[in-house]
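The next block holds one structure in the form of structure tokens; read it before the comments.
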Amino acid sequence: MLNNVCNSIEKFLPAVSRVKKFDAGVSKIIADEIKEANLDWKNFSYSEYVSEGVHSLSLYSSNGDSSNTLIKDCTPEPTDVLAKLPKTEKIIEDLGLDLMWVRLNLLRPGACLWEHRDYSELEDKKRLRLHLPVQTNDEAFLILEGRKVHMHEDALWKLNPADYIHGAVNNGSDRIHIVFDCYVNENLENMVRQEVLDEAWIRGMQTPTDDDLNTKLVSALRLYQQDRKKEAEETLLRSFYNYDFTGKSSLDLVREMYYLMGDKDQVGVWENRITRFLKQESFEFLTPAS
Ligand SMILES: [Fe+2]
């Protein structure tokens, strides 16, 4: 048993880990400041990658505009939203990170990010993504390598979003994270050297049988036939949060649904998405926040 636990943690450390623990209450300081600022949340950029209910604002962006949330390599400038959050700014500054972009991401109840990889459209530089959970709940998870990981508050978490296909789901109340895209500097290397991962933060998921996947497809086909195509797609995409999809893809189930219905145009759309989401994205396809 102990070996299994250790093997599991060893396997996941390169993908996700806790790299810093703050004093208790740091997340609440940020959450209270955000609440007090009464922010005007914008829809998430990358609209194809998310369900309804995902919102974002930049704290640091390429031009200092908080509504600019389509990330790219840059030396970022603080935004108007950060100016409303002085305690949050101090907490970020004290980390001593080499920032590329910093966003506040809000997932409303039931909201999710479909399975994908990040950074493939960016320059080839050494960078990592960090998450600081500001306000979360026990039903908010990062999904990765067939496991659900709950990132608790008062901590900074490392995610390697380029090398590991991942998604996120929030089945509880509003979830807010600060999401940092950072170039790797000495401070970050030191944090990563002290990374930890506890089995208590990870939940396993079962491998789907062919019957499981066929049942999902039948449910989706019924929705399709009722002209509820978006719901049909989401039924299949949400399988990623219920099953271990290692070696398979929930996106491919959507392509399969359209193939079975003889909708060649949509088969093409989803084949394109499978390539872009899981292998190589291009700026020309990405949509900025509306
Ligand atoms: Fe991601």
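Of the residues making up the stretch 137-170, those that are touching a helix residue (DSSP H, G or I) at 6+ places or on another chain (Cβ under 8 Å) and not hydrophobic (A, V, I, L, M, F, W, C) number 9.
Restricting attention to the stretch 200-215, does a residue exist that is within 16 Å of the ligand (Cβ to nearest atom) and among the hydrophobic types (A, V, I, L, M, F, W, C)? No: zero hits.
Restricting attention to the stretch 70-88, the residues being under 15 Å from the mean Cα position of the chain (by Cα) and away from the ligand (no atom under 13 Å from the Cβ) number 1. Counting only strands (runs of 3 or more DSSP E) wholly contained in the stretch 89-172, the ones carrying 1 or more residues that are within 16 Å of the ligand (Cβ to nearest atom) and more than 25 Å from GLN194 (Cα to Cα) occupy 98-107, 112-116, 166-170. Checking each residue in the stretch 238-278 for being at pLDDT 90 or above and either in the same structural domain as TRP41 (by TED's automatic domain parsing) or in a loop (DSSP other than H, G, I, E, B) (or both) picks out ASN242, ASP244, SER249, MET261, GLY262, ASP263. Apart from one condition, VAL192 fits all of (1) under 20 Å from the mean Cα position of the chain (by Cα); (2) of a type outside the set (Asp, Glu); (3) under 21 Å from LEU113 (Cβ atoms); the exception is (3).
The values are calculated or read from the model by the stated rules, or taken from the named source; none is laboratory data. The structure presented is a predicted model; accordingly, all values stated were derived computationally and were not measured. Reconstructed Cβ throughout: ideal geometry from the backbone, glycine too, with neighbour counts over all protein chains shown.
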